[in-house]
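What follows is a single structure, written as structure tokens, with notes after it.
The values are calculated or read from the model by the stated rules, or taken from the named source; none is laboratory data. Everything quoted here is computed from the prediction, not taken from an experiment. Cβ atoms come from the backbone with ideal geometry, glycine included; neighbour counts cover every protein chain shown. These area figures cover heavy atoms from the full protein model, side chains too; ligands, DNA and RNA do not enter into them. Shrake-Rupley method; radii C 1.70, N 1.55, O 1.52, S 1.80 Å.
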Amino acid sequence: SRTRKVAMPVGSGAAEAAKRLKIIETDSREKLIPKLRVESRRQYLEKRKEDKVAELEADIIDDEYLFDENALTEREKRERQHKKQLLQLAVEHEKARELERIQRYHMPLEKGKTETESDKYENEAPQSEQSKWESQQMTSAVFKFGAQNRKNDKNHELLLDDEIEFVQALRMPGTDENKRLEPPEEVEKKKVLTTIEETKKSLPIYQFRRELVQAIRDNQVLIIEGETGSGKTTQIPQYLHESGFTKDGKMIGCTQPRRVAAMSVAARVAHEMAVKLGNEVGYAIRFEDCTSHRTIIKYMTDGTLHREFLSEPDLESYSVIIIDEAHERTLHTDILFGLVKDITRFRPDLKLLISSATLDADKFSTFFDNAPVFRIPGRRFQVDIYYTKAPEADYIDACVVSILQIHATQPRGDILVFLTGQDEIETCQEMLQERVRRLGTKLNELIILPVYANLPSDMQAKIFQPTPPGARKVVLATNIAETSLTIDNIVYVIDPGFAKQNNFNSRTGMESLIVVPISKASANQRAGRAGRVAPGKCFRLYTAWAYKHDLEDNTVPEIQRINLGNAVLTLKALNINDLVHFDFLDPPPHETLILALEQLYALGALNHRGELTKLGRKMAEFPLDPMMAKMLIASEKYRCSEEIASIAAMLSVNGAIFYRPKDKIIHADTARKNFHVPGGDHLTLLNIYNQWAQSDFSTHWCYENFIQHKSMKRARDVREQLVGLMQRVEMELVSGISDTVSIRKAITAGYFYHVSRLSKSGHYKTAKHNQTVSIHPNSSLFQDLPRWLLYHELVFTTKEFMRQVTEIESKWLLEVAPHYYKPRE
Ligand code: ADP
Ligand code: MG
């Protein structure tokens with residue numbers, strides 16, 4: 001009967017259902033095993049976590065529930081055995097973690113080892129590093145805090161119970177031998193550049209400005225390579241403006257991979273040129289255009305320029321395009337390479353600059369028909385690199401300890417810490433504040449400043465303010481501070497060795513945000529940040545062995561590891577149909593391209609010949625993921641476009657909506673629960689938005705309800721833009737339906753790829769590939785366990801968590817995605 005119909009992904013015959021289930025299980029099993037066999041840093045740390053143990057346990061129970069031992073092939077039996085061994089291993093690692101805490105020791109006060117010793121460390125496994133350390137300890141090769149400074153020594157006792165031991169394994173040489181031994185104190189005295197003019201002249205690029213402008217005049221395409229902080233991003237557009245490249249009213253456009261960088265750099269340049277931000281100098285990022293008809297220098301994200309091609313395919317309003325931070329190799333930057341290369345052929349007046357920190361210049365040159373490379377000699381002081389003795393399982397805690405160790409024992413100079421995201425930064429900040437508070441006045445002032453993508457701009461500006469005498473600044477940053485932003489006076493870098501990455505599994509079509517080990521190239525960029533103003537120190541919270549053996553040489557470009565849905569949609573909208581032969585610097589994997597095409601087909605954006613449909617053209621108008629664009633457009637049919645616009649806006653504010661002040665956690669959590677409505681998180685977000693709107697967008701209301709006013713304001717801005725775009729594609733704005741079914745159906749119409757169902761064992765499995773996923777503890781449905789769920793995104797921390805989930809009915813899937821789901825007979 002109709003009610004018993006259950007949706008199954010296309011390709012599954014009913015007769016084969018049981019068999020299929022098994023095939024998928026086998027698939028996921030194959031996937032799991034190589035994943036765990038590789039002893040990468042992350043997995044090593046991962047296995048220490050109790051959650052991981054629990055997950056492995058659950059997986060084995062699941063497996064045993066579904067498949068009888070007798071029915072397994074030999075290979076499957078071995079795999080099951082292997083899983084059990086992994087579990088055993090994970091339990092043991094958990095125990096070892098306790099042991100490791102005891103092994104923490106001192107931070108060296110002075111440099112001790114020379115480069116020649118570094119190789120020894122890097123080639124030794126952690127165990128032998130340990131024994132080596134013990135013997136060195138005896139011969140005092142590791143430095144203790146001496147009587148050199150009694151005051152420090154006294155402070156230090158307070159921290160002694162919790163310290164990390166570092167070994168120096170390497171010295172990254174500086175670029176100028178004369179500056180090698182300059183102590184940080186002297187640099188600080190010297191570095192009082194008062195005027196903007198002086199500061200500009202002090203940048204390495206300044207000496208080369210004439211040659212650079214001449215090279216740009218002489219060549220249509222120029223690759224510029226220079227050490228981070230040499231002045232490429234802030235100075236080159238100004239030099240070009242001064243040299244007349246904006247005379248005819250055309251703009252100099254400069255792309256940045258990150259939003260914060262675009263905003264911050266634009267603010268800086270406006271300040272240097274003494275103009276109001278948004279007038280002559282402006283920026284454009286998704287959902288925010290801070291430019292005017294007067295703008296001649298425009299900073300923007302690479303995604304924004306990519307979208308500008310849709311409205312202005314020849315980029316007529318620009319005289320110069322700078323693709324900056326090209327080495328970051330984001331998806332949009334990579335696609336821009338192909339697009340701008342094409343344009344230079346029919347716009348000989350357009351100048352194209354590709355600017356990159358290091359290394360890749362020759363590769364860019366080859367791609368751009370052997371364009372000349374202009375190298376700006378950098379300037380850097382030596383940086384001593386320290387590694388931990390043993391792996392640190394809790395790297396946030398290790399950061400806090402290291403910061404305090406530096407603060408208590410090391411000479412002047414600010415600290416830069418690399419964390420993976422806002423949540424980690426906030427945790428670290430809280431822990432640090434708590435520790436500092438307990439230490440009271442025994443330590444000098446420590447100014448703690450966070451930097452991440454969603455940080456309001458007034459807070460961003462703070463990181464650039466000079467540190468008052470006597471105080472020390474510690475900047476907690478995402479890898480935005482790796483190359484995009486340069487903060488002066490950093491002398492110490494703490495690098496836990498991780499970054500957040502968007503990853504896409506082309507086999508399963510699953511996309512998820514995960515924390516991964518950084519590459520050696522990144523690690524070295526990070527270390528380099530310590531040597532800009534004085535000889536610096538970089539503390540890596542991993543072992544020399546891990547550096548050598550666990551870190552890849554280079555980061556894989558985004559185009560080869562993320563979902564291409566949005567990129568393919570915009571390219572199709574630019575009439576680039578033959579994607580296989582598009583001029584890619586590094587082509588994406590074939591299967592990823594196919595998957596993106598399949599997804600767009602299932603969403604109705606492409607027809608069976610792979611051409612853009614009317615719906616697809618509409619979807620391309622939205623600067624959104626294709627799924628979200630589809631959801632918005634479908635909302636018209638379900639008579640709830642106003643509601644869906646609010647939901648889309650709330651989902652797009654990827655910063656936190658709620659805040660939980662430490663002293664009011666219970667109040668905050670109650671307030672959050674009061675917003676919960678039946679149906680799930682999407683409806684809860686709508687509820688929050690509507691209540692805020694009813695309060696007349698009141699700040700006070702936010703405050704009372706523990707809601708972040710800044711996030712809500714942003715949601716309102718985003719919503720306005722979305723509504724504008726909806727009107728542009730001539731959608732009818734309707735609202736007021738009282739049942740939530742229509743709203744949830746409209747969401748499903750976009751997100752039917754992101755569906756999971758409750759399995760008999762009590763775990764959620766994704767509909768298409770039977771991967772185990774869990775409801776995020778923050779969800780309103782965390783304890784409900786409905787049969788079918790739709791999720792907004794997957795985030796991998798200790799396991800795959802579904803974030804923002806909504807309860808759906810399986811029969812809706814047949815209604816909204818007949819291409820993709822078919823009924824089970
Ligand atoms: P590059 O692009 O070569 O890495 P930048 O042009 O970004 O170099 O940086 C040059 C200088 O400008 C650095 O010393 C940096 O500290 C300074 N700077 C950049 N942005 C800001 C800002 N928002 N406020 C203050 N100083 C800044
Ligand atoms: Mg730059």
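Potential lengthening of the chain between HIS769 and ASP663 amounts to 33.8 nm, from the contour at 0.36 nm per residue minus the alpha-carbon distance. Between SER311 and LEU439, the simple spin-label model (points 7 angstrom out along Cα→Cβ) gives 5.1 nm.
Modelled this way, with points 7 Å down the Cα-to-C-beta line, the labels at ASN778 and LYS363 are 3.4 nm from one another.
Could you let me know the centre-to-centre spacing of the range 437-477 and the range 247-289, using Cα atoms, in angstrom? Comparing the Cα centres of the range 437-477 and the range 247-289, I get a distance of 26 Å. Sorted from longest to shortest, the spans of the Cα atoms of the range 558-662 along the three principal axes equal 52, 39, 19 Å. Overall, the anisotropy analysis places the range 273-413 in the prolate class: the square-rooted eigenvalues a ≥ b ≥ c of its C-alpha gyration tensor yield a/c not less than 1.5, with a/b exceeding b/c. Here HIS590 sits with roughly 110 square angstrom of accessible surface, probe radius 1.4 Å. Over 20 Å apart at the Cα level, from the set LYS765/LYS811; LYS572/LYS614; LYS765/LYS822; LYS276/LYS713; LYS473/LYS537, are LYS276/LYS713.
Given axes a ≥ b ≥ c from the Cα gyration tensor, I'd like to know whether the range 337-435 is rounded (a/c under 1.5), prolate (a/b larger than b/c) or oblate. Prolate. Summary of packing: across the peptides 662-672, 259-269, 597-607, the per-residue average of other C-beta atoms within 10 Å ranks them, highest first, as 259-269, 597-607, 662-672. Counted by Cβ distance under 14 Å from PHE752, the other residues give a net charge of +3, where Lys and Arg count +1 and Asp and Glu count -1.
Take 469-475, 390-396 and order them by the average number of nearby Cβ atoms within 10 Å per residue, most first; the result is 390-396, 469-475. Once a ≥ b ≥ c are taken as the square roots of the eigenvalues of the Cα gyration tensor of the range 329-375, is the result rounded (a/c under 1.5), prolate (a/b larger than b/c) or oblate (a/b not larger than b/c)? Oblate, because a/c is 1.5 or more while a/b does not exceed b/c. Annotation for ILE447 and ASP553: the two label points, set 7 Å from Cα along the Cα-Cβ direction, are 4.2 nm apart.
Straightening the chain between VAL373 and THR797 buys 148.5 nm, computed as 0.36 nm per residue apart minus the Cα-Cα spacing.
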